[in-house]
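Worksheet: the structure to be examined is printed underneath.
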Amino acid sequence: MMEISALNSGPVESDLPQKTGPPQNGTTQRGRDTPVPATNLWTTKRFEPVKLRMGTGRGYDTQPPMTVPSAFERTVQKMPNQPALGVKRGGQWKKWTYQQYYSDVQRAAKSFIKLGLQPFHGVGILGFNAPEWHISYMGSIYAGGLGTGIYTTNTAEACQYVLEDSQSNIAVVENNAQLQKIVAVWDNLPHLKAIIQYTGEVAVRRPNIYTWDEFMNLSRGESDSVVIERVRNLAPNYCCTLVYTSGTTGNPKGVMQSHDSLTFLCGSGMSVYNLRVGEEVVVSYLPLSHSAGMILDIHMPYYTGTTVYFAQPDALKGTLKNTLVECRPTIFLGVPRVWEKFAEKMQEAARSVSGIKKTIGVKAKKLGLKGVYASMRHQHKPRGWSVAQTLLFKKVKKSLGLDRCQLYITGAAPITKETIEYFYCFNINILSVYGMSESTGPHTSEMPENFRIGSVGRDIPGVTTKLMEAETPEKDGSGEVCMWGRNVFMGYLNNEEKTKEAIDDDGWLHSGDIGKHDDNGFLYITGRIKELLITAGGENIAPIPIEDNVKEELHAVSNCMLIGDKMKFLSMLITLKVEIDIDTGEPTDQLTAEVQDWCKSLGCNYTTMSQVLEQKNPNLFKAIQTGIDKANERAISRASKVQKWSLLPRDFSIPGGELGPTLKLRRPIVVKMYDKTIKALYADT
């Protein structure tokens with residue numbers, strides 16, 4: 001077993017072994033945490049370094065650069081016996097300490113090299129979150145390759161594109177279903193040399209397909225020196241990871257993230273959230289192929305000595321709560337739809353409570369809402385707070401598995417005020433973060449002691465945000481959100497045109513989002529430039545605020561999407577909340593209990609969406625119109641009002657294609673899918 005002492009660690013250059021740089025840099029001696037000389041802030045080539053956006057003052061952006069292996073090994077040295085990874089299989093927990101995690105990473109790296117992984121070539125990883133995902137990812141970095149996550153929902157053709165673009169030498173897959181995708185396109189992938197399957201029996205037996213154990217055993221007899229040499233040739237300003245965008249409007253783009261952008265962001269995040277070294281616990285369930293999951297579940301843990309427990313593959317189909325209750329994380333990141341699902345289940349349970357318990361619960365929730373708003377204003381908690389904490393807040397948090405949680409976070413898509421305030425009622429203060437794959441993750445964030453409802457917080461330490469002029473619906477200082485910092489990505493792999501669109505001549509990253517600042521520096525995202533609807537009258541309309549207003553007025557609505565680009569008026573596609581099939585993740589025809597109760601209050605005993613559309617009860621459709629009318633009262637102009645709407649037969653979902661892997665609305669795809677419905681709305685214009 002290779003001990004940590006075999007590779008030096010820590011960010012101090014004098015403590016690091018001296019070594020030769022990569023071939024393109026001759027024989028210059030340097031420490032692996034010393035940046036390679038570079039003149040450009042961006043590149044599209046996998047092997048080219050970039051100039052780091054180092055600060056010149058005393059801010060966090062002046063911290064010494066560090067490679068991922070240096071940060072990882074520092075933690076292994078400090079706490080080798082600290083629990084690192086845990087997964088439940090066959091009813092039993094299997095766990096890794098940080099020393100065991102490190103040792104398996106070394107074995108994986110040696111096996112990758114033996115299988116032919118070349119420096120700066122990808123290792124494509126396709127599967128649900130698991131210790132093997134982490135080990136493969138970190139092993140690819142130690143072997144000099146590029147860890148490359150692939151969304152589990154990708155088709156075989158989409159997988160082929162990522163593997164081809166990243167020139168992946170190795171593919172690591174979860175199970176037979178994912179294996180079949182890669183085998184189907186293998187003949188079109190000249191760089192692909194081997195496939196490793198990390199769970200289940202391998203159904204396809206042919207050369208260069210390995211089980212996990214077979215793969216790990218390839219390292220036996222291999223010298224540690226092969227890995228040491230690969231690590232010696234790393235640098236903070238070299239590419240470390242490829243994160244592919246979801247490809248909503250075209251082929252996915254390979255976002256190149258450097259070692260420095262990853263470790264810098266971890267240090268900044270540790271500072272902003274006051275994370276406790278060796279004490280934090282997270283539950284991993286969000287896609288690791290997305291920056292949010294990758295930063296929170298892989299990079300932040302090795303940087304801080306956090307313990308990562310893995311949810312079951314059917315987490316988003318209902319079992320996530322079970323893992324949370326068992327593991328009791330101290331940090332929990334939920335995309336808006338996850339928080340909404342929690343709220344729906346809690347509201348369903350609350351409807352069965354009556355009498356004195358209901359009275360106490362209602363009063364306690366009012367205190368909860370007042371208390372969080374008091375915290376926002378740095379005021380004292382209302383009278384009765386401690387009683388409400390005992391009678392309601394603690395019990396609710398325990399039932400969710402969040403009784404130890406210190407950080408409740410949301411990101412990846414907009415969340416409604418209604419959802420945020422619902423959790424305020426239980427003293428669950430959900431903090432919003434804002435960023436993108438191109439900023440390696442968070443760029444702004446609310447903080448436990450500094451937050452504003454509706455905002456996405458303020459700049460994290462060491463980064464800068466500015467708003468550049470853009471065509472926006474409001475004339476209130478709004479502009480395109482542009483970013484500067486060491487978290488900014490290196491460029492899009494093999495795509496100079498898109499890189500130049502994203503990074504301007506001065507090095508600022510253009511997000512494409514429209515935002516505004518308040519007097520205290522809090523950022524509010526009000527729309528997206530590409531999502532702006534420009535009506536036939538020439539007025540720019542941001543859809544998200546209008547959609548949020550409709551959801552706040554109509555609690556039965558699950559998803560809604562504004563339509564009206566180049567049209568004379570605005571219309572809207574609407575779906576109601578339905579139950580989700582546990583096995584497939586697809587929406588069923590069955591209305592949720594909340595929607596059924598709403599229907600009963602309108603005089604119609606509907607239990608399915610089919611009944612709603614077939615019987616067309618006038619009271620129900622009038623109630624929807626009333627909600628639309630109330631939302632329209634908040635419109636900023638006559639052109640911003642919704643004139644027509646259509647109720648769709650099924651809810652949006654990932655399997656259906658309307659939502660992306662992080663449950664973000666894929667607007668261009670929805671427009672194509674419901675072309676006939678949209679044309680019908682404008683048939684008489």
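The values are calculated or read from the model by the stated rules, or taken from the named source; none is laboratory data. Computed from a predicted structure; not experimentally measured. As a convention, Cβ positions derive from the backbone with ideal geometry for all residues, glycine included, and neighbour counts pool all protein chains shown.
Data table
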| item | result |
| --- | --- |
| Leading residue by the ranking (modelled with the lowest pLDDT) among those in region 636-663 that are out of contact with any strand residue (DSSP E or B) (no Cβ under 8 Å at 6 or more places or on another chain) and within 17 Å of Ile544 (Cβ to Cβ) | Thr662 |
| Residue satisfying condition, being over 20 Å from Arg528 (Cβ atoms) and out of contact with any His (no Cβ under 8 Å at 6 or more places or on another chain), within set Leu620, Leu663 | Leu620 |
| Residue match in region 500-511 (condition: of a type in the set (A, V, I, L, M), in contact (Cβ under 8 Å) with a residue 60 or more places away in the chain and within 25 Å of Ser653 (Cβ to Cβ)) | no |
| Test: residue in region 303-310 that is assigned to a helix (DSSP H, G or I) and over 24 Å from Pro64 (Cα atoms) | no |
| Residues of region 107-125 satisfying the condition of being out of contact with any Asp or Glu (no Cβ under 7 Å at 6 or more places or on another chain) and closer than 19 Å to Glu214 by Cβ | Arg107, Ala108, Ala109, Ser111, Phe112, Ile113, Leu115, Gly116, Leu117, Val123, Gly124, Ile125 |
| All positions within region 209-226 that are modelled with pLDDT under 95 and hydrophobic (A, V, I, L, M, F, W, C) | Val226 |
| Residue check for Ala194: within 19 Å of Ala143 (Cα to Cα) and in the same structural domain as Tyr137 (by TED's automatic domain parsing) | yes |
| Near pairs, Cβ below 9 angstrom, 6+ apart or cross-chain, from region 385-411 (in the same structural domain as Ala292 (by TED's automatic domain parsing)) to any residue that is surrounded by fewer than 19 Cβ atoms within 10 Å (Cβ to Cβ) and acidic (Asp, Glu) | none |
| Selection count, region 200-239, where residues are of a type in the set (Lys, Arg) and over 17 Å from Ala109 (Cα atoms) | 2 |
| Residue in region 388-408 that is surrounded by 20 or more Cβ atoms within 10 Å (Cβ to Cβ) and at pLDDT below 85 present | yes |
| So Asp33, is it acidic (Asp, Glu), assigned to a loop (DSSP other than H, G, I, E, B) and either assigned by TED's automatic domain parsing to the domain that holds Pro301 or over 23 Å from Gly122 (Cβ atoms) (or both) | yes |
| Options Leu367, Leu402; residue that is among the aliphatic types (A, V, I, L, M), outside any helix (DSSP H, G or I) and more than 30 Å from Arg667 (Cα to Cα) | Leu402 |
| Given (1) more than 22 Å from the chain's Cα centre (by Cα); (2) more than 30 Å from Glu531 (Cα to Cα), number of the condition Tyr422 does not satisfy | (2) |
| Selected residue (only one of Leu296, Leu288 is closer than 18 Å to Ile409 by Cα and in a loop (DSSP other than H, G, I, E, B)) | Leu288 |
| Qualifying residue in region 525-538 (condition: of a type in the set (D, E, K, R) and closer than 30 Å to Glu348 by Cα) | no |
| Enumeration of residues in region 544-565 that are within 20 Å of Arg666 (Cβ to Cβ) and not hydrophobic (A, V, I, L, M, F, W, C) | Pro545, Glu547, Asp548, Lys551, Ser558, Asn559, Gly564, Asp565 |
| Neighbours by Cβ (under 9 Å, 6+ apart or cross-chain): first from region 271-289, over 22 Å from Glu326 (Cβ atoms); second of a type in the set (Lys, Arg) | Val277/Lys78 |
| Output for region 39-56, where each listed residue is at pLDDT 95 or above and among the aliphatic types (A, V, I, L, M) | Leu41, Val50, Leu52 |
| Filtered residue count, region 413-439, keeping only those that are modelled with pLDDT under 90 and outside any loop (DSSP other than H, G, I, E, B) | 3 |
| Among the candidates Met447, Met468, Met436, residue that is within 21 Å of the chain's Cα centre (by Cα), among the hydrophobic types (A, V, I, L, M, F, W, C) and surrounded by fewer than 19 Cβ atoms within 10 Å (Cβ to Cβ) | Met447 |
| Residues that are part of a helix (DSSP H, G or I) and surrounded by fewer than 17 Cβ atoms within 10 Å (Cβ to Cβ), drawn from region 317-342 | Lys317, Asn322, Val325, Glu326 |
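A quick yes/no check of all residues on (1) of a type outside the set (Gly, Ala, Ser); (2) in contact with a helix residue (DSSP H, G or I) (Cβ under 7 Å, 6 or more places away or on another chain); (3) in contact (Cβ under 8 Å) with a residue 40 or more places away in the chain; (4) in the same structural domain as Pro287 (by TED's automatic domain parsing):
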{"position": "Thr592", "(1), (2), (3), (4)": "yes, yes, yes, no"}
{"position": "Met609", "(1), (2), (3), (4)": "yes, no, yes, no"}
{"position": "Asp651", "(1), (2), (3), (4)": "yes, no, yes, no"}
{"position": "Gly657", "(1), (2), (3), (4)": "no, yes, no, no"}
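Let's see how each residue does on (1) surrounded by 15 or more Cβ atoms within 10 Å (Cβ to Cβ); (2) acidic (Asp, Glu); (3) touching an Asp or Glu at 6+ places or on another chain (Cβ under 7 Å); (4) closer than 26 Å to Ile295 by Cβ:
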| residue | (1), (2), (3), (4) |
| --- | --- |
| Met483 | yes, no, no, yes |
| Phe489 | yes, no, yes, yes |
| Glu497 | no, yes, no, no |
| Leu509 | yes, no, yes, yes |
| Gly521 | no, no, no, yes |
| Ile529 | yes, no, yes, yes |
